[in-house]
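Everything on this sheet refers to the single structure shown next.
The values are calculated or read from the model by the stated rules, or taken from the named source; none is laboratory data. Every value quoted in this text rests on a predicted model; they were computed, and no experiment measured them. Every residue, glycine among them, receives a Cβ derived from its backbone with ideal geometry; neighbour counts consider all protein chains shown. With ligands, DNA and RNA removed, areas are computed over all heavy atoms of the protein, side chains included. Shrake-Rupley method; radii C 1.70, N 1.55, O 1.52, S 1.80 Å.
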Protein chains: 6
Amino acid sequence: MTTRYERGLARQAELGGGRRQVYDALAELAPDLPRLAVEFAYGDIHARPGLDAARRELVIIGALVTLGDTDRQLRAHLTSARNAGLTSAELVEAIMQALPYAGFPRVLNAMTAALDVLTA
Amino acid sequence: MTTRYERGLARQAELGGGRRQVYDALAELAPDLPRLAVEFAYGDIHARPGLDAARRELVIIGALVTLGDTDRQLRAHLTSARNAGLTSAELVEAIMQALPYAGFPRVLNAMTAALDVLTA
Amino acid sequence: MTTRYERGLARQAELGGGRRQVYDALAELAPDLPRLAVEFAYGDIHARPGLDAARRELVIIGALVTLGDTDRQLRAHLTSARNAGLTSAELVEAIMQALPYAGFPRVLNAMTAALDVLTA
Amino acid sequence: MTTRYERGLARQAELGGGRRQVYDALAELAPDLPRLAVEFAYGDIHARPGLDAARRELVIIGALVTLGDTDRQLRAHLTSARNAGLTSAELVEAIMQALPYAGFPRVLNAMTAALDVLTA
Amino acid sequence: MTTRYERGLARQAELGGGRRQVYDALAELAPDLPRLAVEFAYGDIHARPGLDAARRELVIIGALVTLGDTDRQLRAHLTSARNAGLTSAELVEAIMQALPYAGFPRVLNAMTAALDVLTA
Amino acid sequence: MTTRYERGLARQAELGGGRRQVYDALAELAPDLPRLAVEFAYGDIHARPGLDAARRELVIIGALVTLGDTDRQLRAHLTSARNAGLTSAELVEAIMQALPYAGFPRVLNAMTAALDVLTA
């Protein structure tokens, strides 16, 4: 039987995005935090059926742009979104779509943070 | 030639969601606010090519759940999202997908606000 | 010598806005909260020289619209802003000016909350 | 062996706070949301050793006051905090302590929402 | 007839603030984002009659301090505010005025970000 | 008689956390901002009786993690919290406790910012 940790890890492997560096930095002080990120954010939530990975990433992008102070997460999720099949042009549109709801500063910061991921 | 107001109005008509009541309430005090909502949020942004309406609504749902204090907008956009082809079950998944990013209070409030729209 | 409580109370009296009802509701459970609102928000900050009351209210309106979940405070400060000499039309412009920074949901909620204050 | 759902439910039972009404309202549309609230928020997090329940509730109160638009959650957690041994006077202090970080509107709203819970 | 792009560009030229560097960085990936910033934020909103540029900047400063994660935007708008006639001392007061609403961390970050602009 | 500035300064001295560098940087442009931080945040609020310093710091940590864009403040308060008697392991738990309310991005950022303070 697959545990939710295994299910989350498999989902992260499919999606890519390079979360490993942050997780490793926390491995000694707070090992349960990266473990719970895998188990909950990916095993319990992202791996749920009923909505494909690409559409889940669009919800996440809307959330991260709006939160602010999430450059690192945004870059990881844009990479995941591309691996899930969204093109760079579609992701530019997704970030633009946040403009009327999150405003220009959040969207300008997000697009700037996205530059190297989306032009790669 | 279509103006951006006409383009925005056409997009809103396709999407539904019942923004008219709020717009009418503001018609005397601040008529430019509903006009700019139509022109900018719909004419300039939502009607852009490159990402279909359903996927745009997923970004918006991620943004609105995260912002908080947006029950009215969330209900309008869930209606729009259904008109754009997303099922009620997919929208429940979209709201659930915000959990690791926006937290339980925002998601519990959003799902509660969504109840009547998504069970209709 | 004027205490900062007296200075704050005098400033509130000039500005109006009807904070008394909230303060009275808290008078038994947390009397220091309304006292500190008078002393700090008005005595220490609002009553400072170097920027007149009307311009201070514009900063506050920008802050309150952006925060969200502040309908009651917004109505109080719009009343204060009018007493400080800003017209209803100028306050509609001030709320509109938050659009590119705080987004449409926050501004639509704020303008709706402002309706009865600004059309009075 | 105790599942995390059972562990979460036991923790919620100890803490009280009356989340059942919200959970029941969502039972048909989104049954996994209240289940995950129990499993993750209580079973995975709140029931962790290393910090007692009362001190966990202080962190939560700081978070909820700051988020805004969380009156329902705040009332539930103030009840839980009292059941965990904090007095009403200590909880007034906890809410006051958020003032320099979350500002007066958030704290005035929170204290107003807390009135009936803390004077009961 | 002046287009809203031209009107926005003229307004930005009056206000200064050096947005060009960010806009240029996005020119290849997302050229519509800087174009819409000019058209909407400046052409549609900032250039509206009914409130002068200096008072519009006070609303914007209140919004940006409260949002957080907006150091770059804040520096641009403080420069614009000075060009619109506000003194450095008045802008210090404007940032201070956000204290009771946005709290100390936001205001301390904003004042620190403002240091080189306001002491220039 | 002790002034609130003296009371605030004494509290800060007990708590440590190294705010002096930020305060000094603002000493010329905005000397009243660090003064009011001492007087209000520490003299008026933190030094109140009725809740000990360690428990006050838990509320503050919940607030700062949730606000975001507060790395500097978070490091200062984690230092204060340790000086108030909380262990590094308890502070890891406190940050973890914000997960269901503030979400993973805020908590991952906070734990990363806390690394050097909590492993010292």
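Per-structure values
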read-out	value
Separation of alpha-carbon centers, the range F:16-55 and the range D:29-100, rounded to whole Å	26 Å
Value of Rg to Rh for the range C:51-120 (Rh from inverse mean 1/r over Cα pairs, i.e. Kirkwood)	0.92
Area accessible to solvent at E:Asp24, 1.4 Å probe radius, in Å²	90 Å²
Folded to 0 to 90 degrees: helix B:53-67 orientation relative to chain B principal axis, Cα	70 degrees
Shortest-first distances to equivalent copies, position F:Thr2, nm, label 7 Å out along Cβ	2.9, 4.3, 6.0, 6.0, 6.9
Axis-nearest residue of A (beta carbon) for the A-onto-C rotation, whole Å	A:Gly103, 2
Convex hull per residue volume in Å³, alpha carbons only, for chain B	105 Å³
Using a 7 Å Cα-to-Cβ projection, A:Ala13 label spacings across copies, nm, ascending	3.9, 5.2, 5.9, 5.9, 7.4
Mean accessible surface per residue for the range F:1-48, computed with a 1.4 Å probe while every protein chain stays in place, in Å²	47 Å²
Farthest toward positive dipole pole in the range A:1-48 [+1 Lys/Arg, -1 Asp/Glu at C-beta], among A:Ala13, A:Val38, A:Ala25	A:Ala13
Average projected area [Cα convex hull, the range F:1-48], square nanometres	3.2 nm²
Protein-protein interface of the range B:5-39, residues with accessible area decrease of at least 10 Å², isolated chain reference, 1.4 Å probe	B:Val22, B:Tyr23, B:Ala25, B:Leu26, B:Leu29, B:Ala30, B:Asp32, B:Leu33, B:Leu36, B:Ala37
Exposure ranking of D:Leu9, B:Leu64 by accessible area [1.4 Å probe, largest first]	D:Leu9, B:Leu64
Nearest-10 value in Å² for the accessible area of B:Tyr101, using the 1.4 Å probe	10 Å²
Potential extension, D:Asn83-D:Ala25 segment - 0.36 nm per residue separation minus Cα distance	18.4 nm
GNM result for chain B, Cα springs below 10 Å: residue of B:Leu86, B:Leu67, B:Leu15 fluctuating most strongly	B:Leu67
With every protein chain in place, chain C: carbon and sulfur % of accessible area (1.4 Å)	53 percent
Label geometry 7 Å along the beta-carbon vector: A:Ala27 inter-copy distances in nm	4.4, 4.4, 4.5, 6.2, 6.5
Evaluated over the protein assembly as shown, the Cα radius of gyration and Dmax, each in Å	24.2, 76
Buried accessible area, chains A and B (both chains, 1.4 Å probe, Å² to nearest 100)	2900 Å²
Whole-number accessible area per residue in Å² for the range E:51-120, which is evaluated in the context of all protein chains at 1.4 Å	23 Å²
